[in-house]
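For reference, the structure discussed in these notes is given below.
The values are calculated or read from the model by the stated rules, or taken from the named source; none is laboratory data. The structure presented is a predicted model; accordingly, all values stated were derived computationally and were not measured. Cβ sites come from the backbone with ideal geometry, for glycine too, and all protein chains shown count toward neighbours. Heads up: the accessible areas ignore ligands, DNA and RNA and are worked out on the full protein's heavy atoms, side chains in. Shrake-Rupley method; radii C 1.70, N 1.55, O 1.52, S 1.80 Å.
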Amino acid sequence: MPPDPIYLLHGLLGTASAHFGAQIRTWTRQHRVIAVDLPGHGRCPLDAADAYLDQAGGYVTTVLTRFGPGRVVAASYLGGPIAIHVAATRPDLVTSLVLTGFVPGLEQAAFLRMLGGFHVLAAEQPGLAAEYDRLHGPRWKDTLGAYGEDCARHPQRVLPGPAVLAGLDTRTHLVNGSHKTAERDAARTAGGIGPRVSGVVIDGAGHIAGHDAPEAFTAAVEAFWAEGAR
């Protein structure tokens, strides 16, 4: 029987290929990889809508239903919360979950500073704004706005805490880089959340560990999958 498909969910204003390009190239040699660009991002045909988190969660659920239950790898505070929500509401579709660049229960103030940084950097760095235009077209501004408005209405949806992870029926692995203290500490202590939760730190990597240290990240995820197969 072939192994489960691998689904890749990117972070805010990224794409699956931008955040997981090295993993796509490696895993497609032996696995079926579904690189999901979320609404308002990359090659996704859907523009961002109101109630964005529900829209994106519904879109991912539709993709998993179409291609079958599988392993989900999700980045940061877009792909991560959406993957957690799908695992909680449709555990039959998510056979395992890897979160990266994610801190369970991140304080809302810290999240809002991070979210505000997208606006500031895009205004200060024309090259970054041009890259967003290249990846998403001009719709990225509407996507950022829709996401931010929905986060303000439902902060608990985008900042799920340890209790939410502990309540999942899905094996969950937190793979974070060592550069950010909160992310490093979250991965190191993830095993204390619950029996189905674990974590590992990727030395020398930042927020998008799969991009910064692709070989180490890929090996860590594959080790997690192998452990679950025993």
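A few notes on this one:
- Amide H partners (placed H, <5 Å) of Arg171, local residues excluded: Leu97
- Summed over the residues of the stretch 63-150 and divided among them, the accessible surface reaches 42 Å² per residue at a probe radius of 1.4 Å.
- Here is the list for the stretch 17-76: trypsin sites (Lys or Arg not before Pro) lying in DSSP coil, each with at most 14 other C-beta atoms within 10 angstrom of its C-beta, are Arg29, Arg43.
- Full extension of the chain segment joining Glu107 with Leu46 gains 18.9 nm, where the gain is 0.36 nm per residue of separation less the Cα-Cα distance.
- Contact order normalised by residue count of the stretch 72-230, Cα under 8 Å, 6+ apart, percent: 25
- Using a probe radius of 1.4 angstrom, the carbon and sulfur fraction of the accessible surface of the stretch 47-150 is 57%.
- Stokes-Einstein D in µm²/s, Kirkwood radius over Cα pairs - the stretch 87-222 at 20 °C with 1.002 mPa s viscosity: 131
- Cα centroids of the stretch 14-30 and the stretch 135-164: 23 Å apart.
- Descending semi-axes in whole angstrom, ellipsoid equivalent of the chain, from the Cα gyration tensor: 25, 20, 18
- Peptide ranges 126-136, 8-18, 203-213, 149-159 listed from the most packed, as the mean C-beta count within 10 angstrom indicates: 8-18, 203-213, 149-159, 126-136
- For Ala48, residues with placed amide H under 5 Å, excluding near neighbours: Gly40
- Of all complete DSSP H helices in the chain, those with a Cα span along the helix axis of 18 Å or greater and a mean Kyte-Doolittle hydropathy of 0.0 or more are 52-67, 76-89, 108-124, 214-229.
- Each Lys or Arg adds one and each Asp or Glu takes one away; over the other residues whose Cβ falls under 11 Å from the Cβ of Asp133, this sums to +2.
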